[in-house]
Amino acid sequence: MTRIYLIRHAEAEGNLYRRAHGHYDGLLTKNGLAQADCLAEWFSRRPADAVYASDLRRAVRTAEAVASVCRLRVQTDSALREVNLGEWEDLPWGAVARKRRDYMDFFNKKASWSIEGGETVGEAGARVMEAVSRIAAAHDGGYVAIVSHGCVVRDVLEQVSRQTVPHLDNASISLIEWENGAYRAEFIGDNRHLGGLSTHAKQAWWREDADKFPDAELWFSPARLPEDTAEAMHYTREAWYTIYGSLDGFQDETAEKALRESVSDNPLYLQFVMERDRRIGLLQMRDAGRLSAFDGHISLFYLDSDKRGLGLGSQLLGEAVSVARKGGKTGLSLRVFHQNAAALAFYRKMGFIVSGSEHGFFGTLILMRLEI
């Protein structure tokens, strides 16, 4: 008999930023790294003879935490990858919803769905089941930890248990037993080791009553200049006033020039934040220039007042990461006014680290950077 711990990878960018990451190779978040440490602690008291993972970085990094305490090396297998999401890859879920409002049915009614350039969940689940069976046979009589992805792990567990399995939390653990080609589920989706680090505890999309309390899923619309200059300027003024409490020091000519330069650097460096058909904010970026030739720079990160404090900022950051990464950048930088405690706390929570400081119009600006 082989005992197999099936583990969903720890919280990754797609989970936090609310983006469609199947084969897209995102990283673990700051919270995800803490979840991986919880997994390591859990496995420090349990046996494992081998550790396998999908070859995507979010799975490998999760598996490395387990392997480190078991004194093993991670063996990667591309057959353990998440479902290929084809043309959806790295889109915000808000953008996916504009293509298919019923997109969640893809994950719950897998037989009737297909995505251009992708797989069905059933096809991906069969691929992963074959890999799990191959690994189980190779370690007959032992304990194996396998780190894979939410959709495919769920599909495998439904095949094993012959029952509907709820959406699995990040870094959750399931135990199945394999003997002579037959499977049995011992337990499914245990996340008690995470304590207050649970990803699902902060989200509603996976709940049965999600339609009553839906998460806001945003998308992004590139600004077109000069047509959109007036509205973009409105947001730049509002952002200045929100941060500093007045428009002292704000110069229209300088701000308009910065808008044009953003679009010149990259058309995706100036985007309106969209909730359904409503513009609710603005994301402005630049090449970082003198700060770093390898970074993108967030110049403006703004949401309407009625949309603040709702946990939506992570989706703006996700778009910034996506745009910068596609442009070959390896980091994101920004400046934060030293008295803007809420912004400083948010960026630290997202994984930014302080890289320096400089003098601004009203006082010290804290320089922060995120490795992407």
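The values are calculated or read from the model by the stated rules, or taken from the named source; none is laboratory data. Fair warning: this is a prediction, and the values are worked out from it, not measured in the lab. Here the Cβ is made from the backbone with ideal geometry for all residues, glycine too, and neighbour counts use every protein chain on show. These area figures cover heavy atoms from the full protein model, side chains too; ligands, DNA and RNA do not enter into them. Shrake-Rupley method; radii C 1.70, N 1.55, O 1.52, S 1.80 Å.
Key figures for this structure:
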| quantity | calculated |
| --- | --- |
| Whether the range 243-362 is rounded, prolate or oblate, judged on the alpha carbon gyration tensor where a/c under 1.5 counts as rounded | rounded |
| Chain lengthening between Asp209 and Asp304 when straightened (0.36 nm per residue, less Cα-Cα) | 31.5 nm |
| Contour excess over end-to-end distance, with Cα ends at Ser355 and Arg45 and 0.36 nm allotted per residue | 107.8 nm |
| Pair Lys326, Ser114: separation of 7 Å Cα→Cβ label points (nm) | 2.6 |
| Surface share of carbon and sulfur [accessible, 1.4 angstrom probe, percent] for the range 77-208 | 47 |
| Longest segment of the chain lacking GluC sites (Glu not before Pro) that sit in a DSSP loop with at most 15 other Cβ atoms within 10 Å | 228-372 |
| The range 1-158, relative contact order [Cα under 8 Å, separation at least 6], % | 35 |
| For the range 301-372: rounded, prolate or oblate by the Cα gyration tensor [a/c cutoff 1.5] | oblate |
| Length added when fully stretched, Gln339-Asp25, from 0.36 nm per residue minus Cα-Cα | 109.5 nm |
| For the chain, accessible area per residue (1.4 Å probe, heavy atoms of protein chains only), Å² | 45 |
| For the chain, calculated [θ]222 nm from helices alone, where every DSSP H run of n ≥ 4 adds -39500 (n - 2.57) | -10500 deg cm²/dmol |
| Anisotropy class of the range 7-59 from Cα gyration tensor, a/c 1.5 cut | oblate |
| Farthest toward positive dipole pole in the range 22-82 [+1 Lys/Arg, -1 Asp/Glu at C-beta], among Ala67, Leu80, Leu27 | Ala67 |
| Within the chain: Cβ-based charge dipole about Cα centre, in debye rounded to nearest 20 (Lys, Arg +1; Asp, Glu -1) | 560 |
| In Å, descending, principal axis extents of the Cα set of the chain | 74, 43, 35 |
